1. Might you let me know whether the range A:132-141 holds any residue that is more than 17 Å from A:P162 (Cα to Cα) and at pLDDT 90 or above?
2. Which condition breaks for B:A294 when tested against (1) at pLDDT below 80; (2) surrounded by 18 or more Cβ atoms within 10 Å (Cβ to Cβ); (3) over 17 Å from the mean Cα position of the chain (by Cα)?
3. Having 2 or more residues that are in the same structural domain as B:D63 (by TED's automatic domain parsing) and at pLDDT 80 or above is the bar; report the helices (runs of 4 or more DSSP H) wholly within the range B:123-193 that clear it.
4. Out of A:E109, A:E78, which single residue is under 30 Å from A:I58 (Cα atoms) and more than 10 Å from chain B (Cβ to nearest Cβ)?
5. In the range A:37-89, what residues are of a type outside the set (S, T, N, Q) and in a helix (DSSP H, G or I)?
6. Criterion first (buried (at least 16 other Cβ atoms within 10 Å of the Cβ) and assigned to a helix (DSSP H, G or I)) does A:Q166 satisfy it?
7. For the range A:11-19, indicate whether the set of residues that are more than 30 Å from A:N203 (Cβ to Cβ), more than 10 Å from chain B (Cβ to nearest Cβ) and modelled with pLDDT of 90 or more is non-empty.
Amino acid sequence: MLQVRSVRKIYDGRTVVNDVTFDVAAGEIFALLGPNGAGKTTLIRMITDIVRPDGGTIAFGGKSVAGPQRPRMAYLPEERGLYKKVPVMDALAYFGELKGLSAADARRESIELLEEFGLASWTKKQVAALSKGMQQKLQLCSALIGKPQLLILDEPFTGLDPINVQVLEDVLRRRRSEGTTVLLSTHQMNKVEEQCDRALMINRGHMVLYGAVGEIRRQHAANEFLLTADGTPRNVAGVKSLVAENGHWRVALEKAAHPASVLKSLLDQGLAVRAFVPVVPPLEDIFVQVVQTGVGLDQGKSGPPTLDDLDVVGGAR
Amino acid sequence: MNLPKVLIIARREYLTTVRRKAFVFTLLITPAIFFFAGVVSTKLQINQAVAKLHEARIVAVVDSSGLYANAPLAFDYTPPVEPNLDPRQAGKPAPAPTHVPVILRRYPEQKTALDSLEAGNVKTVLVVSSDFLSSGRLRVYEKDTRAFTNSTDYRPLTNWLSRNLLSGLTDSMRVERTLWIGRGLDYYTKDREGHWAIKDDAKELAGFLLPFALGFLLAMSIISGGQYLLQGVSEEKESRILESLLCSVTPEELMAGKMFGLGGAGLTLVAVWILAGAFSSAGVLSFIHVSVPASLLVLGLLYFVFGYLFYASVMISIGSMASNLREATQFSGYLTILNFAPFWAMVVFINTPNSTFATAISLFPPTAATSMMLRMSASAVSGAIIPPWQIATSLTLLAVSGVVTLMLGAKLFRLGMLLYGKTPNLPEIMRILRQP
């Protein structure tokens, strides 16, 4: 659905987005990750056609986002605000009308959204009268109104209490099931693991990770397994270390060892194995590792990195 | 550009602005201030002057010339009836003439006369110098605390002086004619069509004041629309709502909507003032046969459109670049001064409406709209004709400048609105302008 091809942006001779290419499928929740200053906001601004790229193309549904027929997209930026001195209903309906709804439809859809987010009793109040959390929800409503085809959310969970986080997650799941494509930028890696199908990570403008979230985590696993068994396992060939840990055993395999062979050896010991699962590192650890080690940043190369230089796992090219 | 979206933005901007308390306050309070400053204070001054004129005069006369040795020391002064321009009084009988009793007391020397004035025994001291006949020198002393003194205050005295100077030398009819010789004078000049016509001072004054007022209102509408725009853009930047909006509309649509909506708010403000003014003064204007020429209205409208385009674009640029409203207001203050600057050169416009200076500042885009309106008002008085090529050039330069500033403003708006909490310096602004 969203196709970003070799996009580049240069400010004052400094390349802030360098040859970024990725796809986001319809109905997918896609994570855009990266440390502060990585170029995420610039990339999003190019997708929303707020700034124009210096190279490459961006299309949604086969049409350029900079074309006369702009796709229905909504963007909730990290630095966001609202018109404060207007009633809640007017503030929301205005966004609806700008997204092409008639005045009546904009008000009808506003009521639906306000009910969905528990703000129905505040429609006539001024926006300034809402609490910070309520304003956050109203901002989300302003992004969701008009049923955008592409929804870009930058740190949408910030400022929400756990109950409202749950509400937002439910809304995202519903929108996704209705075919909405979601591009989610966040530093809350647990949310990416829970919500997102695939992820792109950029660092200093370069793509450094791209693929399915689960696959990325598996690819970064350190060949360790958690063994749950009745009895005490003995060391077998191919096992580097075997450490008891909270009722489990952490089994570290040697680099060349095959997990299936090790499991067979353990079973051959007469051990009643109940689980033998790979230890998958959390995305947060992968994020830190990739940023700190500078994976994908080949400073010695004269040209931009190619996808072959990247840690690409299971992602569409 | 998507026109329906532009109209949605314009409607919102307009309604949000005109519903603000500050707008309603400006709408009502500004004319009220002008009313009190103009009408009430003038009325008070007139009332004071009339009261002064009609109060009995007790005058100490020190006649060093001896010319008034036999003049009567008491008489009733009858002021001439002034023409009444108020149409509501048309057809009604003229009010009965009032009489001002004048009592004169002779004093041998100025010092005793002034002592008497200090003591409150007399209200005025009139000193006729010994060489009055050759020099015409007179001195009047009064304990008057008013800032402005009306020349009609002295009419009873000058009337007494003139009448008694001629007394015995000619018949009373000639004396009366001499006293009021200008009353029957009809002054003919050529009108704009080249025909001889009685010069109508009231009409000339209205012909001057009307374009002057239009020039003032034009400057007000341009600057108030621009100020609303500046405020709107700054607030939007501070509230950080723009990025969300720009997903649904282009910066150009947003800018155009704001310009239409807030320009409309500025026009509403001025239109209400004009209508209120026209409604309250329609009778007087029609009585003295003054009407606003259609050409002036058309030119006023054109100057508003292009002048607003120019100032609105500059205001948008400032609002987009400045980090907050306070900073934006500081920068825009200079523009407001520039827009009203031609009023400081009123003397030049009145005396030499086609001078090099007047021509130059009416061609210079930032001052063109206001200057040309004022030149037109000045030409109504002097009869000077502004060359049409100057009007055409002035409008063209203003329109071209408006379009150029609009294009630059759109670029600054697009990128400047995303610079939060930071005002770019000049090199940075230049870099933004060089962006594709």
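The values are calculated or read from the model by the stated rules, or taken from the named source; none is laboratory data. Everything numeric here is computed off the predicted structure, so don't read it as measured data. So basically every Cβ, Gly included, is an ideal-geometry build from the backbone, and we count neighbours across all protein chains shown.
1. Looking only at the range A:132-141, we keep the residues that are more than 17 Å from A:P162 (Cα to Cα), and these are A:139, A:141.
The next check asks that each one be at pLDDT 90 or above; those that pass are A:141.
Looking for residues that are more than 17 Å from A:P162 (Cα to Cα) and at pLDDT 90 or above, one finds at least one in the range A:132-141, hence yes.
2. Only one criterion in (1) at pLDDT below 80; (2) surrounded by 18 or more Cβ atoms within 10 Å (Cβ to Cβ); (3) over 17 Å from the mean Cα position of the chain (by Cα) is unmet by B:A294, namely (2).
3. B:132-135, B:155-166
4. Working: A:E78 fails: more than 10 Å from chain B (Cβ to nearest Cβ).
Answer to the selection: A:E109.
5. Residues of the range A:37-89 that are of a type outside the set (S, T, N, Q), as a first pass: A:37-40, A:43-47, A:49-56, A:58-63, A:65-68, A:70-89.
If the condition is that a residue be of a type outside the set (S, T, N, Q) and in a helix (DSSP H, G or I), then A:K40, A:L43, A:I44, A:R45, A:M46, A:I47, A:V88, A:M89 are the ones that fit.
6. On the way: buried (at least 16 other Cβ atoms within 10 Å of the Cβ): no; assigned to a helix (DSSP H, G or I): yes.
Here the answer is no, as A:Q166 does not meet what is asked.
7. Start the filter on the range A:11-19 by keeping residues that are more than 30 Å from A:N203 (Cβ to Cβ), which leaves none.
Scanning the range A:11-19 turns up no residue that is more than 30 Å from A:N203 (Cβ to Cβ), more than 10 Å from chain B (Cβ to nearest Cβ) and modelled with pLDDT of 90 or more.
Here's the yes/no breakdown for (1) within 14 Å of another protein chain (Cβ to nearest Cβ); (2) surrounded by fewer than 23 Cβ atoms within 10 Å (Cβ to Cβ):
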| site | (1), (2) |
| --- | --- |
| A:T123 | no, yes |
| A:Q126 | yes, yes |
| A:S131 | no, yes |
| A:Q135 | yes, yes |
| A:L153 | yes, no |
| A:F157 | no, yes |
